[in-house]
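Written below as structure tokens is the structure these notes are about.
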Amino acid sequence: SVFLFDESTNELLLQKRASTKITFPNVWTNTCCSHPLHGMDVNEVDGPESVRDGSVMGAKAGAVRKLEHELGIPLGELKLEQFKFLTRVHYWAADTITHGVQSPWGEHEIDYILFATVPSKDAITLNPHPDEVDDYRWVSQAELLEMFADKSLLFSPWFRIIANRWMIGTDIKDGVGWWDDLNRTMKTNDFCDYEMIHRFDPPTEHLGGGGDAGPIFTET
């Protein structure tokens, strides 16, 4: 999962997933997801060593590819070196909001969390693909919290998990969230955890699905 920030305003770029998508349409979520692929000309598969040292150049290459595919950010505008790998999340969620309590669709994946910054939003070109993105918005922390409180808006379960657990005032280190001190997040390894894969069940409304799945994880 990619989280792209404007350094000049401390705003985060959100996207609203297209209404035509099969899974989790119409939901607001983080900037983009990377979906690394096997067999790409630029290798997008990370081995244990690249995870241990935090380089994960494969996941970063996938992020650059998907930012171009979903948001139309031209290749080359964002460099691999601009991405900061923070940790990994193992989560699952049934898309019961779209397809009902017996939904055959959902997600179950290990998510590499990548932060990136640009000097200002004018530094990148945005031309969203209509099959991927219906809307996008740069938001402050306060604006995101207002959006979370708006019951008319939908959010992806993975974004809610990451935002509520780590991003805003909830980090276990000094009570500081990753977004609260973006400079520290990007320039130090204070918030990095390359060893642990954090495991989460989804928000309660995304339990169930065609397999009647209940909670399977205790967060670790």
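Readers should treat all values here as calculations from the given coordinates under stated rules, not as data from a laboratory. Bear in mind that the values here come from a model prediction, so they are computed numbers and not experimental data. Positions of Cβ are generated from backbone atoms using ideal geometry, with glycine treated the same way; all protein chains shown enter the neighbour counts.
Below is a table of values for the structure above.
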item: Environment charge at residue 9 (Cβ cut-off 13 Å; Lys +1, Arg +1, Asp -1, Glu -1); result: -3
item: Approximate shape of the range 52-110 as ellipsoid semi-axes (Cα gyration tensor, √5λ), whole Å, largest first; result: 29, 17, 7
item: Residue among 98, 74, 63 farthest towards the positive dipole end of the range 60-103, charges placed on Cβ; result: 63
item: The range 1-125 - Debye-derived log10 I(q)/I(0), Cα point model, q = 0.11, 0.19, 0.20 Å⁻¹; result: -0.41, -1.13, -1.21
item: Reachable aspartates and glutamates from residue 66, criterion Cα separation under 12 angstrom, eight or more residues apart if same chain; result: 44, 132
item: Cα-based reach from residue 151 at 20 Å (exclusive), listing lysines while leaving out same-chain residues under 8 positions away; result: 16
item: Percent of C-alpha pairs per 10 Å bin, the range 103-143, short to long; result: 16, 34, 41, 9, 1
item: With 10 Å bins from 0: P(r) over the chain, alpha-carbon pairs, percent; result: 8, 33, 40, 18, 1
item: Relative packing of 143-153, 89-99, 46-56, 191-201, which averages over residues the other C-beta atoms within 10 Å, highest first; result: 89-99, 191-201, 46-56, 143-153
item: Chain lengthening between residue 75 and residue 99 when straightened (0.36 nm per residue, less Cα-Cα); result: 5.1 nm
